[in-house]
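The values are calculated or read from the model by the stated rules, or taken from the named source; none is laboratory data. These numbers come from a predicted model, not from an experiment. No Cβ is skipped: glycine too gets one built from the backbone with ideal geometry, and neighbour counts run over all protein chains shown. Surface accessibility is based on the protein's heavy atoms, side chains included, excluding ligands, DNA and RNA. Shrake-Rupley method; radii C 1.70, N 1.55, O 1.52, S 1.80 Å.
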Protein chains: 2
Amino acid sequence: MTYRLYYWPEIPGRGEFVRLALEDAGAEYVDVARTPAKKGGGVPAILRVLDGELGALPPFAPPVLFDPDGELVIAQTAAILDHLASRHRALAGGGDHARRVGALQLQLTIADLVSEAHDTHHPISVALTYEEQKAESARRAASFVRERAPKFLAYFEDVLARGGGEHLVGARFGYVELSIAHVLDGLAYAFPRGFASWRASIPGLLALRDRTWARPRIAAYLASPRRLAFSEAGIFRHYPELDR
Amino acid sequence: MTYRLYYWPEIPGRGEFVRLALEDAGAEYVDVARTPAKKGGGVPAILRVLDGELGALPPFAPPVLFDPDGELVIAQTAAILDHLASRHRALAGGGDHARRVGALQLQLTIADLVSEAHDTHHPISVALTYEEQKAESARRAASFVRERAPKFLAYFEDVLARGGGEHLVGARFGYVELSIAHVLDGLAYAFPRGFASWRASIPGLLALRDRTWARPRIAAYLASPRRLAFSEAGIFRHYPELDR
């Protein structure tokens, strides 16, 4: 059984949360748009899926996961992760309803943080470039660096501490820990000055990130060509003028 | 068994999606912050919940639902609705996994639309008033009215048509239909000029909204004092200068 992931082939983006979960679960998957267009991959494969090629409920945007077990087509990162957790015990969602709901809640809060990080360089319109909305970006980024990012990070540090310091939800590792580790890396890439100032207040999260990246399957993934680097085409972009 | 909802007492806001689901399911609930502070309600009740009063996993923001069955405390609108659907067959989430995942996917896309509608009047910071970010709001709202809102509406109209025109997901009414009906009302309130121009392209959604508001429990709710009006303190705000 091989999953098919449809996501932009050049950036980690929101697809990275799904890739990390699939890798940590040891699931077989094809990152379709990273295969050649002439063999049915590439960006055209994504566009066909957005057009509804896979079924009656088309996605609004990538990432999209096709699960051949049940021929499920799922969009929205958090919905994909919630589904994967129901299939893979390693992702810690199956079985315990309270834990599953708690993980979904935290993942949605991570999604809110990711959206706000994205909007620091696109506060006006996704149809415009960053350069076409630089003035507004400077103002939005200042609010993000000073108020919003610290508020979200303090929240997750608090959640971690209340849970005993090892995991964010319940007593097992799961997709939420993978997601928060990735967000920390993204914030550190995009806002190195800001991140340096936040470090002292998030010792638990930093240790959680280290433990996450040391997991054998994840360490192997990070060292592989499957892993894409952050860049100024993605969600987490490093523009020094926004990192003040 | 009585649910407890914690949400800002003066606005429909994101809490309205939960209220509509509870009302349509005929569930007993207390809208805690709308009860007197001296009796344990009011905004102070929300602040205590945000402080973690109800358990180890505190919410980042309202709405928050307390479900006495299992003593579950759930934040994030879509996670709350997904949970309620697992408890109430009328909300059409229980049983069929594909349908549950599809509903969650659509609700998360609705949430994205709601966030973008909110950011038309707060494109820079939630810590500032609209008046402090009016210039940026004008630019963001223009993009929303011309590009983003029509794109989301065309998507949901297409989903509805592909599903046969009666329901958005599966063959039964559920929380997603309630949510989209509310969003249509919110958009019509905030952007009457824009909405007038979108109407012709969303006949299916408009009919779905009419059917939704005619449901007996929902009609009774809309006529009751429990229903709060849209205003310029909420997510959907009518500023004529943003509706062009």
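Have a look at A:50, B:20, A:115 and report the one farthest towards the positive end of the charge dipole of the protein assembly as shown, computed about the Cα centre with Cβ charges (Lys/Arg +1, Asp/Glu -1).
The residue sitting farthest along the positive end of the dipole is B:20.
Along the range A:110-116, what does the Karplus equation 6.51 cos²θ - 1.76 cosθ + 1.60 (θ = phi - 60°) give for ³J(HN,Hα), rounded to whole Hz, x for Gly and Pro?
Per-residue couplings from phi come out as 4, 4, 5, 4, 4, 4, 5 Hz.
Please report, to one decimal in angstroms, the Kirkwood hydrodynamic radius of the range B:95-215 built from all distinct Cα-Cα pairs.
About 15.2 Å for the range B:95-215.
If the elastic network links every pair of Cα atoms under 10 Å, which of B:58, B:123, B:216 fluctuates the most in the Gaussian network model of chain B?
Answer for the Gaussian network model of chain B: B:216.
State in Å² the accessible area per residue of the protein assembly as shown; use a 1.4 Å probe, count heavy atoms of protein chains only, and round to the nearest integer.
38 Å²
Nothing charged except the Cβ atoms of Lys and Arg (+1) and of Asp and Glu (-1): what's the magnitude of the dipole of chain A about its Cα centre? Round to the nearest 20 debye.
Here chain A has a charge dipole of around 420 debye.
So, in the protein assembly as shown, how many Lys pairs have Cα atoms under 30 Å apart, if the pair is 8 or more places apart or on different chains?
7
If you average the C-alpha positions of the range B:119-171 and of the range A:8-86 separately, how far apart do those two centres end up, in angstrom?
So the separation of the two Cα centres works out to 24 Å.
Please check: in the Gaussian network model of chain A (C-alpha springs, under 10 Å), which one of A:91, A:128, A:222 has the largest mean-square fluctuation.
Residue with maximal mean-square fluctuation among A:91, A:128, A:222: A:128.
Taking θ = phi - 60°, what integer Hz values does the Karplus form 6.51 cos²θ - 1.76 cosθ + 1.60 yield along the range A:227-244, in sequence order, with x for Gly and Pro?
7, 9, 7, 5, 7, 7, 10, x, 7, 8, 10, 9, 10, x, 5, 9, 10, 10
How high is the relative contact order of the range A:5-72, given as a whole-number percent (alpha carbon pairs under 8 Å, six or more residues apart)?
Result for the range A:5-72 is 38 percent.
With a 1.4 Å probe, what is the total accessible area buried between chains B and A, in Å² rounded to the nearest 100?
Interface between B and A: roughly 4100 Å².
So how long is each side of chain A along the principal axes, counting just the alpha-carbon atoms, biggest first, in Å?
Per principal axis, max minus min of the Cα coordinates gives 46, 45, 32 Å.
To one decimal place, what orientation-averaged projected area in nm² is obtained for the convex hull of the Cα set of the range A:1-128?
8.6 nm²
Running a GNM on chain A with Cα contacts under 10 Å, which residue among A:187, A:47, A:208 ends up with the highest mean-square fluctuation?
Highest fluctuation of the listed residues: A:47.
I need to check one value: relative contact order of chain A, counting alpha carbon pairs closer than 8 Å and at least 6 residues apart, in percent.
21 percent
Points 7 angstrom from Cα along the Cβ direction at residue B:97 and residue A:61: gap in nanometres?
Distance between the two pseudo-spin positions: 2.8 nm.
Taking the simple approach of a point 7 Å from Cα along Cα-to-Cβ for both residue A:172 and residue A:231, what is their distance in nm?
3.7 nm
So the label point sits 7 Å from Cα along the Cα-to-Cβ vector; using that for residue B:55, what distances do you get to the other copies, in nanometres, sorted shortest first?
Spacings between copies for this position, smallest first, are 2.9 nm.
Subtracting the Cα-Cα distance from 0.36 nm times the residue separation, let me have the gained length for residue A:142 to residue A:224 in nm, one decimal.
Fully extending the segment from residue A:142 to residue A:224 adds 26.0 nm.
Which value in Å does the Kirkwood hydrodynamic radius of the protein assembly as shown take, with 1/r averaged over all unlike C-alpha pairs and then inverted?
Roughly 23.0 Å, rounded to one decimal.
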